[in-house]
Structures are given as C-alpha cells and as structure tokens.
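Note sheet for the following structure.
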Amino acid sequence: MTDIIKATGIREPFSEEKLINSIKRAGIPDNLQDKVLDHIRSKLYENIPTSEIYAHINEFLEREAKPVKTKYGLKQAIMELGPTGYPFEDYVSEILKGQGYTTEVRSIISGKCVSHEIDVIAEKNQEKLMIEAKFHNASGIRTDVHVALYTKARYDDVREKYKFTKPFIYTNTKITSDALTFALCVDMGIVSWSYPAGNSLRDLIEREKLYPITIIEQISQAQKQILLDNHIVLVKDICKNNNILDLLQIQPDKIKLILEESNAVCSLG
C-alpha cells in the first residue's frame with residue numbers, strides 16, 4: 001500500500017476509488033479511465049504529493065483528452081483568481097446572478113455598532129443575503145470556525161437595519177468541521193468547494209457552465225490579470241462578446257487561439 005501526502009500535509013493510503021471518482025466527475029470517457037489509472041500506478045512512489053498525481057493526470061489528459069483536461073483543472077483555475085480576494089468576490093457575484101439574484105460587491109455599510117465592507121449582497125424575491133467570500137490560493141487551507149464566528153457577528157450588527165434574511169459563506173476550498181457545525185447551528189449558509197452535495201461551488205460552476213477565465217491556457221497570467229482587474233471573470237463573457245479581448249491589445253492570430261479555446265470551454269457538457 002502506497003501512502004500519499006495531501007495538500008494539508010496529512011499522509012494517507014493512496015485510494016484508487018477516490019482517483020476513479022475524480023476522473024469520472026471530470027468527464028473522462030469510460031474507455032480512458034483504466035488508462036488513466038494505469039498511468040498513475042506507474043508513477044506512484046511512497047509519500048508522493050497529491051499535487052504530483054494531479055500533474056501526471058493532466059499530462060495524460062493533454063495527450064489523450066484535452067477538452068476533459070480543462071474541466072479537470074477547474075479547482076486550480078479558481079485558485080488562480082488571486083492573489084487578492086477581489087476577483088473571487090466578483091466570481092461569487094456572477095454565480096449568484098446565474099441563480100437569479102441581483103448583486104452588489106464590496107459595499108460599505110454602517111451597522112448598529114461599526115461600519116462593515118460586505119463582500120457580496122444578493123437579493124431575490126424576499127431574500128436578502130449577506131455573503132462573506134473567503135478565497136484561498138492553496139487547496140490545503142480550510143476555512144475555519146473563526147470565519148464563521150466573525151461572519152455571524154457582522155451579520156448580527158447589520159441584519160436589522162438592512163433587512164438581511166441570512167448570512168452565507170462562499171469559499172473555494174473546504175471548511176473545517178467546527179465551522180460547519182457552528183454555521184448549521186446558527187442557520188448560516190455554507191457553499192464550499194464540495195459542500196453541500198448537489199449545490200457545492202463545483203456543482204454550481206459545472207451546472208451553469210460558469211468557468212473562470214483563469215482556465216484558458218492561451219491567456220497569459222499577465223493578460224488574465226488585466227481581465228480580472230476589469231471585473232471580467234467568466235469565460236462565457238468572452239464567448240458572448242469577443243470585443244472583451246481588445247483590452248489585451250494582442251495580435252489577431254493570438255485572439256483567434258483564445259477564442260477557439262474559449263468556445264471549446266463554453267461548449268463543455
């Protein structure tokens with residue numbers, strides 16, 4: 001039995017079942033799943049980091065199923081929305097818009113005791129949500145109970161004056177068990193990378209095809225930053241309006257490559 005080292009630094013036995021589940025979710029065709037597994041088996045060694053396993057899977061998909069590679073790289077692409085948390089706030093706002101909410105980002109409001117900057121305010125029908133968008137740029141970092149505690153304190157300070165109906169935390173990684181327990185106890189909504197089942201951040205992105213621009217390999221890191229600084233966070237915005245790429249001031253042949261990849265992402269099932 002080979003041990004692996006997770007992003008959190010925890011050692012645990014390599015699980016073929018977990019690997020199969022992850023590649024199935026990415027949409028890797030049935031006829032390639034065994035090949036992926038064989039490829040990873042050939043690369044395993046004691047205490048291999050999960051990041052290296054991830055790299056080997058990407059290496060395989062680059063050769064055998066490039067469209068699937070894009071979907072498999074979603075979690076990493078979300079982490080590249082940094083280094084600040086602002087693009088993730090914009091991204092959460094777009095996810096909520098996709099669910100029919102009207103949104104405001106980074107609103108400064110006065111509570112009963114002090115002023116607060118609220119990451120996202122979302123309204124729909126009788127709902128008015130106060131949302132804390134907690135961004136992490138490494139998968140080993142979890143949102144802990146302190147975030148849930150200060151989110152609840154902030155909500156209590158502004159709820160009555162602004163008629164909020166519920167506090168939420170959106171995070172791109174996982175949350176600790178204490179944070180989840182506290183949130184459920186005080187009726188706080190939680191959306192993390194893998195929670196709640198069926199409506200996690202990953203589920204919402206894949207169901208609504210809300211892929212971040214950071215998933216496009218043809219766009220350089222500097223160019224991605226230009227788009228993020230202009231509050232452009234979704235690939236589908238490029239697909240809908242090609243003129244967005246004028247911001248990058250690049251040659252037509254490069255624009256063509258970006259559009260080809262963007263259209264392929266927008267067509268993902």
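The values are calculated or read from the model by the stated rules, or taken from the named source; none is laboratory data. Because the structure is predicted, anything quoted here is derived from the model rather than measured. Cβ atoms come from the backbone with ideal geometry, glycine included; neighbour counts cover every protein chain shown. Ligands, DNA and RNA are stripped out before the accessible areas are found, and what is left, the full protein with its side chains, is counted by its heavy atoms. Shrake-Rupley method; radii C 1.70, N 1.55, O 1.52, S 1.80 Å.
Quick rundown of the values:
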item: Qualifying residue in the range 142-150 (condition: among the polar types (S, T, N, Q), closer than 18 Å to T176 by Cβ, open to solvent by less than 50 Å² (accessible area, probe 1.4 Å) and part of a strand (DSSP E or B)); result: yes
item: Test result for A197, under 24 Å from K128 (Cα atoms), small (G, A, S) and buried (at least 18 other Cβ atoms within 10 Å of the Cβ); result: no
item: Hits in the range 211-221 - residues which are part of a helix (DSSP H, G or I) and at pLDDT below 95; result: I215, Q221
item: Qualifying residue in the range 4-27 (condition: open to solvent by less than 50 Å² (accessible area, probe 1.4 Å), in contact with a Lys or Arg (Cβ under 9 Å, 6 or more places away or on another chain) and under 26 Å from I216 (Cβ atoms)); result: yes
item: Flag for V68 being surrounded by 15 or more Cβ atoms within 10 Å (Cβ to Cβ), in contact (Cβ under 8 Å) with a residue 40 or more places away in the chain and not in a loop (DSSP other than H, G, I, E, B); result: yes
item: Test result for I108, more than 30 Å from G9 (Cβ to Cβ) and touching a residue at least 24 places away in the same chain (Cβ under 8 Å); result: no
item: All positions within the range 249-264 that are farther than 11 Å from Q218 by Cβ and either open to solvent by less than 100 Å² (accessible area, probe 1.4 Å) or touching a Leu at 6+ places or on another chain (Cβ under 8 Å) (or both); result: P252, N263
item: Residues satisfying the stated conditions in the range 171-187, i.e. in contact with a helix residue (DSSP H, G or I) (Cβ under 6 Å, 6 or more places away or on another chain) and either buried (at least 20 other Cβ atoms within 10 Å of the Cβ) or not in a loop (DSSP other than H, G, I, E, B) (or both); result: N172, D178, A179, F182, A183
item: Residue satisfying all of: in the range 222-269; of a type in the set (S, T, N, Q) and assigned to a helix (DSSP H, G or I); nearest to Y91 (Cα to Cα) among these; result: Q225
item: A77 being touching a residue at least 60 places away in the same chain (Cβ under 8 Å), touching a Pro at 6+ places or on another chain (Cβ under 9 Å) and open to solvent by 50 Å² or more (accessible area, probe 1.4 Å); result: no
item: Qualifying residue in the range 259-267 (condition: out of contact with any Lys or Arg (no Cβ under 7 Å at 6 or more places or on another chain), more than 25 Å from I121 (Cβ to Cβ) and at pLDDT 95 or above); result: yes
item: Residue within the range 47-64 that is open to solvent by less than 10 Å² (accessible area, probe 1.4 Å) and under 17 Å from C266 (Cα atoms) present; result: no
